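Read the structure below first, then the notes.
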Amino acid sequence: MSEEPITTRAVVFDGPGRPLGIEELRLDPPQRGEVLIRMAAAGVCHSDLHVVDGEWERPSGVVMGHEGAGWVERTGDGVDVPARGDLVVLAWTAPCGACDACRRTEPWLCSQPEGSGHRLKPEDVRLHRAGSGEPIGAYSGIGTFGERQVVAASAAIRVDPRTPPEIAALIGCAVTTGIGAVRNTAKVEAGESVTVIGLGGVGLSAVMGAVAQGARPVTAIDSSPAKLELAVRAGAHRTLLADEVAQAQGADHVLECIGLTTTIELAIDLARPGGTITLVGMTPQGQRASFDVYRFVEDGKVIRGSNYGSANPAVDFPTIASEYLEGKLPLDLLITERIGLEQLDGAFEAMRRGDGARRVIVY
Ligand SMILES: NC(=O)c1ccc[n+]([C@@H]2O[C@H](COP(=O)([O-])OP(=O)(O)OC[C@H]3O[C@@H](n4cnc5c(N)ncnc54)[C@H](O)[C@@H]3O)[C@@H](O)[C@H]2O)c1
Ligand SMILES: [Zn+2]
Ligand SMILES: [Zn+2]
């Protein structure tokens, strides 16, 4: 019996400066340990823009997008969890569970993620251009800018089915990155002061995470007045425009959520003596930042990088979804606009201008 071919409309990245066209692609059925996802929603993250603008070197011929959620449409052999019909949030690292990093429970550092890289190795390819059959990859193993995708079952994390799909999508990157940086990387405690620089999807999530931890005061900094208003709705106690930072007081924790060397250097200055600086924002590849070493050492400061909020998606995704449903995290304010796949270019253009928090593609 021949099966209906599985197809998807998806945005394929063909290299920086090339138009991001929507294409009709063919999908192979899920193999052992994989699931077929019908995407519900996908968020547009600045990390996608770094790739599209050529600031990070990534292979071309891949479906872009690494923040998304959907429903399991079909399961491959050997998959019990998730099951058909489950609402799942996709993780951009699907830890192997066996390498040194996984054994240390640092899945974000996994050296051999399942369906590894961008699914371009011949054995990992599941997508093909409809006409030519040319293999197409999936960004970070999940390529969320398409209607359907085949992913490793370990990358599809089940969450409470009452979670609105657009919110679930954002949990896949911005929300877990921002909240995780506060909780898991910086380990912020109640009563400590926190300053967040940069209030996009990631920074606003960090503000919410800090408020939920009972941090005080939480100070939010951005160059856009509209972002400061969102930060207040997220619970920030103080807000400052970027050119008002001279008024900032030294904080126990400073989180940089932009990825500019200037604001990274500012973050180091804004931590109190003995304070910690958590770097979440990512610069174009190869950039270096500097600091006053004498002061840094005398002040005993600490700088840490935070990858994927130092989170374990299998645990953190469902926890964050439940906290949202309990009314503890006002994640709705992150969604600036719901768009169609056709409006992706416009979403990137708005992000370059710093306009809005998250734009979410709804399928
Ligand atoms: N570490 C990780 O695992 C991880 C995960 C996701 C995203 N990121 C990175 O985090 C960064 C933020 O992502 P995002 O999607 O929230 O981006 P975004 O573009 O939505 O937000 C950036 C914010 O910074 C503000 N800004 C820009 N220049 C500024 C300046 N000079 N001073 C003050 N504010 C300024 C903008 O107004 C905007 O509000 C990106 O570099 C992204 O690649 C890292
Ligand atoms: Zn992201
Ligand atoms: Zn591993």
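The values are calculated or read from the model by the stated rules, or taken from the named source; none is laboratory data. Remember, predicted model here, so these are calculated numbers, not experimental data. No Cβ is skipped: glycine too gets one built from the backbone with ideal geometry, and neighbour counts run over all protein chains shown. With ligands, DNA and RNA removed, areas are computed over all heavy atoms of the protein, side chains included. Shrake-Rupley method; radii C 1.70, N 1.55, O 1.52, S 1.80 Å.
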Does at least one position in the range 17-36 carry a residue that is within 16 Å of ligand 1 (Cβ to nearest atom) and in a loop (DSSP other than H, G, I, E, B)? no
State which residue is most open to solvent (accessible area, probe 1.4 Å) when the search covers only the range 86-109 and only residues that are more than 16 Å from ligand 1 (Cβ to nearest atom) and assigned to a loop (DSSP other than H, G, I, E, B). 104
Per-region count, the range 48-72, residues open to solvent by 10 Å² or more (accessible area, probe 1.4 Å) and in a strand (DSSP E or B): 1
Somewhere in the range 180-189, is a residue part of a helix (DSSP H, G or I), open to solvent by less than 40 Å² (accessible area, probe 1.4 Å), among the charged types (D, E, K, R) and within 16 Å of ligand 1 (Cβ to nearest atom)? no
Run down 280, 245 and say which single residue is near ligand 1 (Cβ under 10 Å from one of its atoms), within 18 Å of residue 179 (Cβ to Cβ) and of a type in the set (Val, Ile, Thr). 280
Do any helices (runs of 4 or more DSSP H) entirely within the range 200-299 hold 1 or more residues that are open to solvent by less than 10 Å² (accessible area, probe 1.4 Å), and if so, which? 201-212, 225-233, 261-270
Looking at the range 110-133, which of the residues that are among the hydroxyl-bearing types (Ser, Thr, Tyr) and within 16 Å of ligand 3 (Cβ to nearest atom) is surrounded by the fewest Cβ atoms within 10 Å (Cβ to Cβ)? 111
Within the range 137-173, track down each residue that is within 13 Å of the chain's Cα centre (by Cα) and either open to solvent by 30 Å² or more (accessible area, probe 1.4 Å) or not aromatic (Phe, Trp, Tyr) (or both). 140, 142, 143, 144, 167, 168, 169, 170, 171, 172, 173
So residue 328, is it among the basic types (Lys, Arg), at pLDDT 95 or above and out of contact with any strand residue (DSSP E or B) (no Cβ under 8 Å at 6 or more places or on another chain): yes
What are the pairs with Cβ atoms under 6 angstrom where one residue, in the range 269-287, is over 20 Å from residue 307 (Cα atoms) and at pLDDT below 95 and the other, located anywhere, is in a loop (DSSP other than H, G, I, E, B) and more than 16 Å from ligand 3 (Cβ to nearest atom)? Sequence gap at least six, or different chains. none
Working only within the range 73-85, note down all residues that are open to solvent by 60 Å² or more (accessible area, probe 1.4 Å) and of a type in the set (Gly, Ala, Ser). 78
What do you reckon, is residue 181 under 20 Å from residue 348 (Cβ atoms) and either of a type in the set (Lys, Arg) or out of contact with any Asp or Glu (no Cβ under 7 Å at 6 or more places or on another chain) (or both)? no
